[in-house]
Every structure is written in structure tokens, then in C-alpha cells.
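Values quoted throughout were computed directly from the atomic coordinates according to the rules given, and no laboratory measurement underlies them. Everything numeric here is computed off the predicted structure, so don't read it as measured data. Every residue, glycine as well, gets a Cβ built from its backbone with ideal geometry; the counts of neighbours run over all protein chains shown.
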Amino acid sequence: MMTSDTSGAGTGPAPRPSDQQPPTGDPTSPARPSSRLRVRGPSGDRHGEILTDEALDFVAGLQRRFAGRRDELLQRRRDLRSERPDFGFPAETAAIRADTGWRVAAPGPGLDDRRCEITGPPTARMTINALNLGARVWMADFEDATAPSWPNIVEGQLNLFDAIRRQIDFTTDDGKRYALSERTATIMVRPRGWHLSEDHLLLDGEPIVAAFVDFGLYFFHNARELIERGRGPYFYLPKLESRHEAALWRDVFAHAEASLGIEPGTIRATCLLETFPAAFEMTEILYELREYSAGLNAGRWDYIFSFIKTLVERAAG
């Protein structure tokens, strides 16, 4: 079982799914991954509804299966920076760019009209207001818009859990009540980027990859409920720098669907193009995620920063 310690703080070519190990077995078996999980953050009134043994097993399974590849990809980023390559379109993927025979997946239910999207942190009031505003899509943001304190992360998951089941409400100190309208926006969740770890949740003494926490808790608790309500588990993927990082998400998605018995290809994900290296692999990123892709979106401010930082570092070398 998990243990709790409130002393901690802070957050700190890819194989196909067939190359991965098969999904773990019955989560009720004695050797449960969550038995070595340690929660280092404060516990709120309803945190236990999100941090169940089964959900933590699921997150721990993602960590055990994929954290090594995440670490290799981060090392690849560092190696490329030190090598200061001449950026350009990769010669080894020219065939993918030239091939007109492949297609990405069709839009998932609720994603056929995305003319107006909004974003914000998944606080209770923001969740209700964002879903009611009239936008087609709301990106619930665990990344840039959320300060990654442990209460913010877990309570953000609780707010999404409640909103999907239409049981969320919020009353201000002066008595103003917020509740969901009949028609609400489609939810897409932005987990934190590959470079971040969640220091409040440890497995075998090591922080879990933050993206696995954000994705794993949301998918485990809500995928089936979303499907039953005519939507699906949809995500925005931030800070990718290469097709290899997209391929890791692809394999995470395939494993997650298989583990919960969800129809393959149910997940949809939009990749945010906000790093300079990724601009040269847009087609390849779509190709790697083609069974799950919901397109690309330009994150212009982060892209400008990445453009300047990358080229300044290269010139300085």
C-alpha cells in the first residue's frame, strides 16, 4: 500500500508497441506496483478518491515500463545540444515525408469542430466557467497554467473527475454558486512535459515522470466514463522535440488502452509545436502518432523562446 509523508515539496529509433512487454496482470495480485509507491504531499479530504490503489498501480506500471525510455530521450536532447547540429529535415525520414499513402486518424467524437478553444488550470471555478463559456474545446492545463503543488495536481484531477460526471459545483465565500450548463465544451488535458518529474510521488525512492501522473490518473479514472458519454480521452502534448518523443507517447497510449480494455485508437492527441527542433519533424510526429493524432497546434511564444535559445547556444559553441 502507499505511504504518506508531508515533508517533501517541488516538481521538478523508438520501438513499436509490439516491442514492449505485455501489460501487467491482475492489479489485485500480491506483487502490486503501488506497494512501493510513496506519497510525499499533504492529503486532502477527497484525495483518496483519486489516489486509489488501482489508479496508483496503473501509474506505477507506466513508470516501470516507460521511464527508462523517457530518460534516454532526455539524454538525446542533451547530446544534440552539445553536438550543435545543422538543423534541417532528417534525411532518414524522407520517405515518410514523400509518402502520400498514410493518413492520421479521423477526429474523435466532440473534436470535429475546434474553431474556438480556450485553456486554463483545472480549478473548480475555472473548470465550470471554461466548460460553460461556449468554446468548442477546453484544454485543462496541468502544465504552464498550473503551479505544480501536490494539492493543485490532485484536486485538478478531482475537478475533472467531477465535471465529467456532471457532479461538480462551486460556491464562493459570498454565496455565488457555479454549476455546469446543459451543453459543455469537449475536454482535452495537457499533461506536463517529458522533462518534468513529480517529486511528491515516488516509486522505489525515485520521482515518477510527471506526464505519467497527469495522463495516468486522468485516463484511468475517466476513459470509460468519457466514452459512455459520447466523448473520449483527449490530450494536448507539450514540449516535444522529436518524432522519438511522439513515438513514446504512442506506445504509452497503446499500453494504456490495452491495460484497461479500451478499443485501440480511442485516444486522440494534439501535439503542440513549440520547440525549434520539432519544427523539422512535424510530418514525422504526425506519422508516429497517426493512430491517435488530432493534429498539430503552434505554441508560438514557447517556439520563439526555443528558437532564440537553440540558435544562441549553437552560436556560442
Near the amide H of Thr119, under 5 Å away, which other amide H atoms are found, from residues 5 or more places off or on another chain, if H is placed in the peptide plane?
-> Met139
Could I get the Rg over Rh figure for the stretch 57-132? Both from C-alpha atoms, Rh via Kirkwood, rounded to two places.
-> 1.11
Counting each DSSP H run of 4 or more residues in the chain as -39500 (n - 2.57), what helix-only mean residue ellipticity at 222 nm follows after dividing by all residues, to the nearest 500 deg cm²/dmol?
-> -12500 deg cm²/dmol
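In square nanometres and to one decimal, what's the mean projected area of the convex hull around the Cα atoms of the stretch 238-317?
For the Cα atoms of the stretch 238-317, the hull's average projected area reads 5.4 nm².
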So how do 283-289, 143-149 stack up, highest first, on mean other-Cβ count within 10 Å?
-> 283-289, 143-149
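Taking Cα atoms of the stretch 32-172, Rg/Rh with Kirkwood Rh, to two decimals? Could you put the intermediate results ahead of the total?
Numbers: Rg = 20.4 Å, Rh = 19.2 Å.
With Rg and the Kirkwood Rh in hand, the quotient comes to 1.06.
Order 210-217, 171-178 from most to least packed using the mean count of other Cβ atoms within 10 Å.
Values: 210-217: 27.1, 171-178: 8.9.
Highest-to-lowest ranking by the protection proxy: 210-217, 171-178.
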Determine ³J(HN,Hα), in whole Hz, for all residues of the stretch 241-258 in sequence, where each value follows from phi through the Karplus function 6.51 cos²θ - 1.76 cosθ + 1.60 and θ = phi - 60°; x replaces Gly and Pro.
-> 10, 6, 5, 5, 6, 5, 5, 5, 4, 4, 6, 4, 4, 4, 5, 4, 4, 5
When percent of Cα pairs over 36 Å apart is calculated directly from the model, which label among (i) 33; (ii) 17; (iii) 22 fits?
-> (ii)
